[in-house]
1. Can you pull out every residue in the range 53-101 that is of a type in the set (D, E, K, R) and modelled with pLDDT under 90?
2. When the residues of the range 13-47 are narrowed to those that are under 16 Å from the mean Cα position of the chain (by Cα) and of a type in the set (V, I, T), which ends up modelled with the lowest pLDDT?
3. Given (1) under 27 Å from E152 (Cβ atoms); (2) at pLDDT 90 or above; (3) not in a helix (DSSP H, G or I), identify the lone condition not met by Y50.
4. Would you check which residues across the range 76-95 are surrounded by fewer than 15 Cβ atoms within 10 Å (Cβ to Cβ) and within 18 Å of the chain's Cα centre (by Cα) and list them?
Amino acid sequence: STIGVDFKIKTIKVNNKVVKMQIWDTAGQERFRTITNSYYKGAHAILCVYDCTDRKSFESIQHWMQEIDKYAKDNVVKVIIANKIDREDRVVSSDEGKELVSNLNHLYKSKISSDAYKVHYFEASAKTGEKVENLFAFCAEKILYAQKIAVEEKDENAKILEHPEL
């Protein structure tokens with residue numbers, strides 16, 4: 001469990017491109033709201049993680065998606081992640097998570113100019129590491145794709161950095 005803001009850097013190679021991700025984990029703590037609001041604007045991806053053994057955690061995703069909608073760029077990659085899939089005491093099913101994402105995509109469809117900007121769903125276990133590497137690879141691919149689309153749409157904030165030597 002995170003106490004305070006946890007910061008990590010993850011570098012991953014996808015399709016011969018290097019994506020360097022700065023990951024800020026506030027663990028959904030309200031006291032970091034002023035920090036998170038400023039980081040939404042510069043984010044290329046925002047991951048909202050809920051505990052699939054805790055319904056209240058799942059229900060809070062709606063709040064965080066409203067925050068993202070309010071503060072982030074429209075072309076930010078959004079991923080909702082069900083965590084703790086290794087546990088037997090799951091109370092939020094995969095279908096419920098997928099339904100939430102489907103509903104959010106329907107709600108935001110007027111803002112979504114490309115599939116790159118849809119809300120995505122993923123499941124993982126931070127404890128066992130199950131699907132965690134896949135999650136970061138997925139996010140890196142979506143970030144690259146979203147940036148490619150943004151460049152095509154002439155978004156002045158978009159940039160694709162290539163470092164073939166890495």
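1. At the first step, the residues of the range 53-101 found to be of a type in the set (D, E, K, R) are 54-56, 59, 67, 69-70, 73-74, 78, 84, 86-90, 95-96, 98-99.
The answer is E67, D69, K70, K73, D74.
2. T36
3. It fails just one condition, (1).
4. S94, the sole residue that qualifies.
The values are calculated or read from the model by the stated rules, or taken from the named source; none is laboratory data. Quick caveat: nothing in here was measured; it's all calculated off a predicted structure. Virtual Cβ from ideal backbone geometry, glycine too; neighbours counted across all protein chains shown.
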